[in-house]
1. Report ³J(HN,Hα) in whole Hz for each residue of the range 280-285, in order, from the Karplus equation J = 6.51 cos²θ - 1.76 cosθ + 1.60 where θ = phi - 60°; Gly and Pro get x.
2. Label points 7 Å out from Cα along the Cβ direction at residue 295 and residue 250: separation in nm?
3. Between residue 46 and residue 83, what is the label-point separation in nm under the 7 Å Cα-to-beta-carbon projection?
4. How high is the FRET efficiency from residue 141 to residue 12, r the C-beta distance, R0 41 Å, rounded to 0.05?
5. Which number gives the lysine pairs in the range 158-310 that have C-alpha atoms under 28 Å apart and are eight or more places apart or on different chains?
6. Give me, ordered by chain and number, the residues 5 or more places off residue 84 or on other chains with an amide H under 5 Å from its own placed amide H.
7. Would you mind counting up the charge near residue 58? Only other residues with Cβ under 12 Å from its Cβ, with Lys and Arg at +1 and Asp and Glu at -1.
8. Quick one: order 32, 307, 58 by neighbouring beta-carbon count within 10 Å, fewest to most.
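Where a number appears in this text, it was derived from the coordinates with a stated rule and is not lab data. All figures in this text were calculated on a predicted structure; none of them were measured in a lab. Backbone-built Cβ (ideal geometry, glycine too); neighbour counts: all protein chains shown.
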Amino acid sequence: MQLDNTKLVKCRKTIVADSKLKSLRLFHVLLITLIPFMGFVIALIWVMGGNLIEPLDIGLFLGMWFVSGIGITVGFHRHFAHHSFKTSKTLRIVLAIMGCMAAQGSVIYWISLHRRHHENSDQVGDPHSPHLKKKGILKLFRGLWYAHIGWMFNHEFPNPFNYAPDLVGNKTISWVDRLYFFWLFLGLAIPTFMGGVIKGSWNGAFDGFLWGGLVRLFFTENFIWSINSITHVCGHRWFNTNEQSRNNIWLAIPTMGEAWHNNHHAFPKSAKFGLKWWQIDFGYWFIRTLEVFGLVWDVKIPTAGMIEAKKSA
């Protein structure tokens, strides 16, 4: 979702949403939840009917999962939100577009929300904490639902002038931001086109749209949302941070390293989330590869001394 930066009040931390902005929020939430879910159901019925998933469909699913996932974890999160490394203008544009293909909102909107999350993590003001309800099993499930999806239907809009002035003032990133819905649909068009061309049929185009588009969005979105919900409830806490973030090994691979969430909250500016050798972190491996080829630089990583000091704090 995108915000009209020209209408924002600079002195406020949040925006008083008018009916137009609320309608846009509702449209966006329904778009990114219902349609991918419908695609997942169609694919499930297709498979349960005895139809095999073809290798190309799997390839398009994994390829688009990688593109959009890297866009979120490396682009939106580690680079734009936390400045954990520096890179060229061209690569910044590419990463921003890739992130928009994950259908999590436009780059400025996403970064504003995430920085507000760190400012108020698991406290009043956190856009998507599962811990703002009273204790109890029912309250826990309500909190998980709220942190996973529910918050998107009725949340405050963090003011980008307060939370993302570095991006609001960047003409190039603002241009990418304004074209968010175009990039979202481009993420659906690419696998559709590739499926149609490679298979040479309209059925191939539909398969690409289904598996590389809708089904990929369904899984990618839920993996990303699980960082807001599951990794603030389930997992291990190595660091005594001022919120309830946790490391969750089961979500590490599908989230490309995002699930080492307690590590991240302990060292928000680190480009490396998997701080142990066995903690798989595809996002950092991608950054490290770019660094080897000189495409990124000034990559921030905590030293062993910093890690030990944080553990004993």
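1. Result, rounded to whole Hz: 5, 9, 4, x, 5, 4.
2. Modelled inter-label distance: 3.4 nm.
3. Going by the 7 Å Cα→Cβ label model, 4.5 nm.
4. Given R0 = 41 Å and the Cβ-Cβ separation, E is 0.75.
5. So the count works out to 9.
6. Under 5 Å from the amide H of residue 84 lie the amide H atoms of 79, each far enough along the sequence or on another chain.
7. -2
8. Ascending number of Cβ neighbours within 10 Å: 58, 307, 32.
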